[in-house]
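Scroll down for the structure; my scribbles are underneath it.
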Amino acid sequence: MAVFVHPLLLVLVALAALLGLPGQLLLLLAVLATHELAHLVAARLCGLEIARLELLPYGAVADIRGPGRREPLVEAVVALAGPLNNLLLLAISIALHQAGWLLGPWVAPFQAANLAMALFNLLPALPLDGGRILLAFLKRTRGPRQAVMMLGRLGRSVALALAAATLLAFYWQVLAPHLLAAALTIWVGTAREEQWVGVTALRGLWTKRGRLRRIGLLPVHRLVALETTSLRQVAEALRPGSYHEIVVVDIQERPLGEVDEGRLLRGILQLGLDAPVRDLLEWRA
């Protein structure tokens, strides 16, 4: 597994050093490490593999591979593992502290960091775990592109609210760089999801072929697309749990022909994502 550090995390590290907060930073990194470890363990237990992990200030973006990774329940379990880990650590530390077995000035900051990490990551915004869970189920009913666009609008609203909270805190003479880092994390993560939604849809098409061969059947869903619609747009509109037949029509909504997912996938590989869907009717695979 390849691990990368996003520049935003490096900026937060530098800012914490300038403000003289190395202890708080180390505590936050330790909590972040356990959070991501929980994701890794959950993914492995679900039979998945994380090929690439990019660390952000309050989470990470993972490239998860393996059969079943597009199943909403599997995605939700892997995403929920991180916040649940932080809530479990919080509960254990509270119990040990009340029993007198866990003492020290670091206990309260540790508990606060775990609570903040859990609650923040449950916000319904990408690339946070709450956004991942919501995206997993929205894709089944809305398709990848529309689901990402909906969460994109929601995520930007959350990011702007956090940025406003940062300015309000500064007005009250309270420095809150963590709020600004959280806002930037959501803004950058949302933009990345929107940029890669076409590639994700193509990967989902390829994964679905393996699922069909593995279980032997899939429900069929029909779509209608204008002849000028790009193959990217068609792929992004497909639902993960269904096999699709696409009816191609002209501007007067007269049927020109039909294509299925197999032809769509081969067409994307040969013609590119930006080719119009009408080219599939004339193209000889």
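If the Cβ limit is 6 Å and pairs must be 6+ apart or interchain, which residue in region 164-180 that is outside any helix (DSSP H, G or I) pairs with which residue that is among the hydroxyl-bearing types (S, T, Y) and surrounded by 13 or more Cβ atoms within 10 Å (Cβ to Cβ)? Every condition considered, the pairs that remain are A176/T166. When each of W196, W206, W187 is tested for being part of a helix (DSSP H, G or I), at pLDDT 85 or above, of a type outside the set (K, R) and open to solvent by 20 Å² or more (accessible area, probe 1.4 Å), the lone residue that passes is W187.
Annotation note: of E236, E245, E258, E282, the sole residue that is among the acidic types (D, E), loosely packed, with under 12 Cβ neighbours inside 10 Å and either under 28 Å from E71 (Cβ atoms) or more than 26 Å from the chain's Cα centre (by Cα) (or both) is E282.
Total residues in region 119-147 satisfying the condition of being in a helix (DSSP H, G or I), closer than 18 Å to S157 by Cα and open to solvent by 50 Å² or more (accessible area, probe 1.4 Å): the figure is 4. Restricting attention to region 115-129, the residues being hydrophobic (A, V, I, L, M, F, W, C) and more than 18 Å from A191 (Cβ to Cβ) number 7.
The values are calculated or read from the model by the stated rules, or taken from the named source; none is laboratory data. A quick note: this is a predicted structure, and the numbers were derived from the prediction, not measured. Quick reminder, even Gly has a Cβ in these numbers, built from the backbone with ideal geometry, and neighbours come from all protein chains shown. The accessibility values were calculated without ligands, DNA or RNA, using every heavy atom of the protein model including side chains. Shrake-Rupley method; radii C 1.70, N 1.55, O 1.52, S 1.80 Å.
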